[in-house]
Amino acid sequence: MKTWIYSLVFSLSLGLPAMAQQASNIESVRAAFITQKLDLTPEESQRFWPVYNSYHEELQKLVLKKNQQRVAYKRSGTVPVDELKVDSEILELRKRYRHEFARVLPRQKAALVYPAEREFRQQLIEQLNKRKKKN
């Protein structure tokens, strides 16, 4: 499920200019949501967002790598996808950035980063499902 969400967000960031605008809007909404959930002060925001953006960029690269492996496997059918290796890399990335977040934010706020992300993804999925049902 998480992979699907990452794929969705990533695919929204590619493609047509209209989709790029939509991805930009999603990123803006994500930033506002996380800022509100963490109750960031302007000073905390200034320190947090460069670190978070770096984390998010690295995460997207790993998700893309995982998706490319899946596509290659589906096309060739000969090389098994080593999803556990990429999942392990994602876990290590999250562990590393957990410490980075704790360096720039109070520990209580740093502990809320990943739960805030999950809540945002859940709300995004709910919104997309509502739109899908309307159409």
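The values are calculated or read from the model by the stated rules, or taken from the named source; none is laboratory data. In this text the structure is predicted, and so the values were computed from the model without any measurement. Counting neighbours? That spans all protein chains shown, and the Cβs are built from the backbone with ideal geometry, glycine included. For the accessible areas, the whole protein counts, side chains as well, though only heavy atoms, and no ligand, DNA or RNA atoms are used. Shrake-Rupley method; radii C 1.70, N 1.55, O 1.52, S 1.80 Å.
In summary, the lysines within cross-link reach of Lys74, defined as a Cα separation below 26 angstrom excluding same-chain residues under 8 places away, comprise Lys2, Lys61, Lys65, Lys66, Lys85. Annotation for segment 64-135 versus segment 35-51: alpha-carbon center distance of 21 Å. Couplings for segment 103-114, taken from phi via the Karplus curve 6.51 cos²θ - 1.76 cosθ + 1.60 with θ = phi - 60°, read 6, 9, 10, x, 3, 4, 6, 4, 5, 8, 4, 5 Hz in order; Gly and Pro are left as x.
Counting Lys and Arg as +1 and Asp and Glu as -1, each charge on the Cβ, what is the dipole of segment 23-135 about the Cα centre in debye, to the nearest 20?
540 debye
If you wrap the Cα atoms of segment 30-135 in a convex hull and average its projected area over all directions, you get 8.4 nm². The residue list Ser45, Ser88, Val71 was ranked by how far each Cα lies along the charge dipole of segment 36-107 toward its positive end, using unit charges on Cβ atoms, and Val71 comes out on top. In segment 41-135, the portion of solvent-accessible area held by carbon and sulfur atoms comes to 53 percent [1.4 Å probe, whole percent, DNA, RNA and ligands not counted].
Taking the Cβ of Ala116 as the centre, find all other residues whose Cβ is under 12 Å away and add up their charges (Lys, Arg: +1; Asp, Glu: -1). Once all neighbours under 12 Å are counted, the net charge is +2. Applying 0.36 nm per residue to the separation of Gln123 and Ala102 and subtracting their alpha-carbon distance, the gain on full extension is 5.0 nm.
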